[in-house]
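Asker: There's a structure below that I have some questions on.
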Amino acid sequence: MLSYWEKQSLLQYDYIIIGSGIVGLSTAISLKERAPQSRIMVLEREVLPTGASTKNAGFACLGSLTEILADLQTMPVESVLNLVNLRYAGLRLLRQRLGDKAINYHENGSFELIGPRQEWALEQLDEVNRILGALFSHQPAFERANDHLGPFGFERKYVKALVRNNFEGELHTGHMMRALIDTAIAAGIEIKTGCAVTHIDDFHTGVNVVVPHHTLKEDIIFSARKVLVCTNAFTKKLLPEEEITPGRGQVLITAPVKDLPFKGIFHFEEGYYYFRELDGRVLLGGGRQLDFAGETSTDFHFNDRIQHELEVLLRTTILPGREVAIADRWTGIMAFGSTRQPIVKAHTKNVIIGVRMGGMGVAIGSIIGDKLAVMALEEI
């Protein structure tokens, strides 16, 4: 039922990117920067990006002290340094590409709450600074910040110390995604939504990408020289053999809180909990470690137990003794694996994948997209 015109002019591209989140759009933009004459299309299965790119807390983060210490227990020092450097380089590229004003980037401070069970980490602070000195020689990455404990008003029974990260900031997730979309469109990149790819066929001389057309009740077959898969936690639906484990994140946001005593972004318990001030509200998320099995899911459902624990945490530790209303809740789907390393590789000759961001898509998405663009152009 497709017309001659459609078959002749609307189905052929140089590059097709599957997934319109941070990685997908960044890949498309990097490709266009490096190959301006190329015809590029981004396919998104839903009306809006649906994984984590539009659901995250807007942390421009490199990793908290306890998170890095946990990594050092399971990874060589060099691998940990490479991961932190990847995050740092990714944030730098994101800010350079879009501009701090466009994404509402600020450095109001990044702090980790140290509870009774994490006090041991304070003894390792100097050693971690020494290790990270290979990347940040001009200033220590971490420093104690107990002088903020009183003004911030946290419950001292649960928060024994604060550690500041000198290289983290915050941004507005919606503004960032809007800026990425606008940059892609201005560059001449096509973005098609509501296009759920059912399968990819690499014929070595090119790739076919199949998308159902629900009105015509037939498959639309797009073709490209290279296809780049940037679908993160949902990649197994297309490429079931890849080692990817979804991880759902629970989030809530309060109504405006009068005289909120803190700004900035905050982590605790190896980054499994996180919160920030946002427009006079508190955005709080995490708790996946309370139910790993239940949160290993690509379903956008609330976990009542975790949502309850987030509220308890809010009212007993973050804003003790204060009445606060919950204004909204949502979930996002991240992707993890047996290591912290993202998967960036050629799946077949002409199909390249950049997935499994490990909850660090804001930090590493831009640089992963640039790496994918370089790989796609290598054989041209």
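Asker: Select from region 318-337 the residues that are open to solvent by 40 Å² or more (accessible area, probe 1.4 Å), under 22 Å from GLU112 (Cα atoms) and either touching a Pro at 6+ places or on another chain (Cβ under 9 Å) or of a type in the set (Phe, Trp, Tyr) (or both) and list them in ascending order.
Answerer: MET334, the sole residue that qualifies.
Asker: Do the conditions hold for ASN85, that is, is it outside any loop (DSSP other than H, G, I, E, B), under 30 Å from GLY24 (Cβ atoms), open to solvent by 60 Å² or more (accessible area, probe 1.4 Å) and touching a residue at least 40 places away in the same chain (Cβ under 8 Å)?
Answerer: yes
Asker: Right, next: Can you tell me which residue is farthest from ASP100 (Cα to Cα) among those in region 338-348 that are modelled with pLDDT of 95 or more and surrounded by fewer than 24 Cβ atoms within 10 Å (Cβ to Cβ)?
Answerer: THR348
Asker: Give the residues of region 220-244 that are open to solvent by 20 Å² or more (accessible area, probe 1.4 Å), of a type in the set (D, E, K, R) and under 30 Å from TYR4 (Cα atoms), sorted by residue number.
Answerer: Within region 220-244, ARG225 is the sole residue that qualifies.
Asker: Can you pull out every residue in region 88-109 that is crowded, with 17+ Cβ neighbours inside 10 Å and of a type in the set (D, E, K, R)?
Answerer: Across region 88-109, the qualifying residues are ARG95, ARG97.
Asker: Six or more apart or on different chains, Cβ under 8 Å: which pairs go from a residue in region 125-142 that's under 17 Å from LEU69 (Cβ atoms) to one that's in a helix (DSSP H, G or I) and of a type outside the set (A, V, I, L, M, F, W, C)? Could you list them?
Answerer: LEU135/ASN85; LEU135/TYR88; PRO140/ASN129; ALA141/ASN129; PHE142/ASN129
Asker: A further question follows. How about region 276-307: which of its residues are within 19 Å of PRO320 (Cβ to Cβ) and without any contact (Cβ under 8 Å) to a residue 60 or more places away in the chain?
Answerer: Hits for region 276-307 are GLY280, ARG281, VAL282, LEU284, GLY286, GLY287.
Asker: Among the residues of region 245-256, is there at least one that is open to solvent by less than 20 Å² (accessible area, probe 1.4 Å) and assigned to a loop (DSSP other than H, G, I, E, B)?
Answerer: Scanning region 245-256 turns up no residue that is open to solvent by less than 20 Å² (accessible area, probe 1.4 Å) and assigned to a loop (DSSP other than H, G, I, E, B).
Asker: Within region 114-190, which helices (runs of 4 or more DSSP H) (wholly inside it) include 2 or more residues that are hydroxyl-bearing (Ser, Thr, Tyr) and modelled with pLDDT of 95 or more?
Answerer: By residue number, 173-186.
The values are calculated or read from the model by the stated rules, or taken from the named source; none is laboratory data. Values in this document were obtained by computation on a predicted structure and should not be read as measured data. Methodologically, a virtual Cβ is constructed for each residue, glycine included, from the backbone with ideal geometry; neighbour enumeration extends over all protein chains shown. Side chains included, ligands, DNA and RNA excluded: accessible areas come from the protein's heavy atoms. Shrake-Rupley method; radii C 1.70, N 1.55, O 1.52, S 1.80 Å.
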